[in-house]
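The structure appears right after this line, and notes come after that.
The values are calculated or read from the model by the stated rules, or taken from the named source; none is laboratory data. What you see is a predicted model; the values in this text were computed from it and never measured. Neighbour counts run over all protein chains shown; Cβ positions are idealised from the backbone, glycine included. To get the accessible areas, we keep the full protein, side chains included, count just its heavy atoms, and leave off ligands, DNA and RNA. Shrake-Rupley method; radii C 1.70, N 1.55, O 1.52, S 1.80 Å.
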Amino acid sequence: MRQDEYENYTARRDLEYVQSLAGTMPAEAAMEKAREDRARFVPQGLATERHRLLVAENTAGEVVGHAWVGLEEPRTRTTDTAWLHDISVEEPHRRSGYGRAILAAVEALAREAGALRLGLNVFGDNASAISLYQSCGYEVTTQQMAKRL
């Protein structure tokens, strides 16, 4: 990913993250969390050690998606588990196999870095992502639940 792509990607990712958090916190708090998380996980942006931010292109050179993978587990910092912080497919290219291809490329990158597992979080209402992950062999390892009162 180039610097200009990184700036566009992070601005869009932060906005999507805020929208995903909207059901659990006020928009202002969600935006602050998005900024804090980015500052914590990629403090040097593209130059952050053990993080790879990727752009996926099709054979025509069109950007079809993005991925952000950390080559260590974010809580324990152990390198046997890599962490998929984000994966996205551009709207016009969804349901065309690109998500599966990007995920496979991330898995290969993590394996080459020595990881034995690839972990991720997914919002419970993201049925298409959950379906993709399950079809690729991912299993639920933890689960949070809530009820609006």
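Some observations on this one:
- Amide hydrogen neighbours beyond the local backbone of residue 65, cut-off 5 Å, H modeled: 56, 90
- Distant-in-sequence amide contacts of residue 85, defined by a placed amide H-H separation under 5 Å and a gap of 5 or more residues or a different chain, comprise 68, 69, 70.
- Estimated [θ] at 222 nm from DSSP helical runs (n ≥ 4, -39500 (n - 2.57)) normalised by residues in the chain, nearest 500: -12500 deg cm²/dmol
- Whole-Hz ³J(HN,Hα) from phi, Karplus 6.51 cos²θ - 1.76 cosθ + 1.60, for the stretch 131-137, glycine and proline x: 4, 4, 4, 4, 5, 9, x
- In this structure the chain gives 66 Å² per residue of accessible area when probed at 1.4 Å with all protein chains present.
- By a 1.4 Å probe calculation restricted to protein chains, residue 109 has an accessible surface near 40 Å², given to the nearest 10.
- Rounded to whole Hz, the Karplus (6.51, -1.76, 1.60) HN-Hα couplings of the stretch 96-101, x for glycine and proline: 10, x, 5, x, 5, 5
- For the stretch 64-123, applying the loop criterion from DSSP together with a ceiling of 10 other beta carbons within 10 Å to the trypsin sites (Lys or Arg not before Pro) yields 75, 77, 95.
- Karplus 3J(HN,Hα) series, Hz, for the stretch 32-46 with 6.51 cos²θ - 1.76 cosθ + 1.60 (x for Gly, Pro): 5, 4, 4, 5, 5, 4, 4, 5, 6, 8, 10, x, 9, x, 4
- Measuring nothing but protein heavy atoms, the accessible surface of the chain at 1.4 Å probe radius is 49 percent carbon and sulfur.
- When +1 charges are put on Lys and Arg Cβ atoms and -1 charges on Asp and Glu Cβ atoms, the dipole computed for the stretch 29-149 relative to its Cα centre reaches about 340 debye.
- Contact order relative to length of the stretch 46-136, as percent, for alpha carbon pairs under 8 angstrom and 6 or more apart: 23
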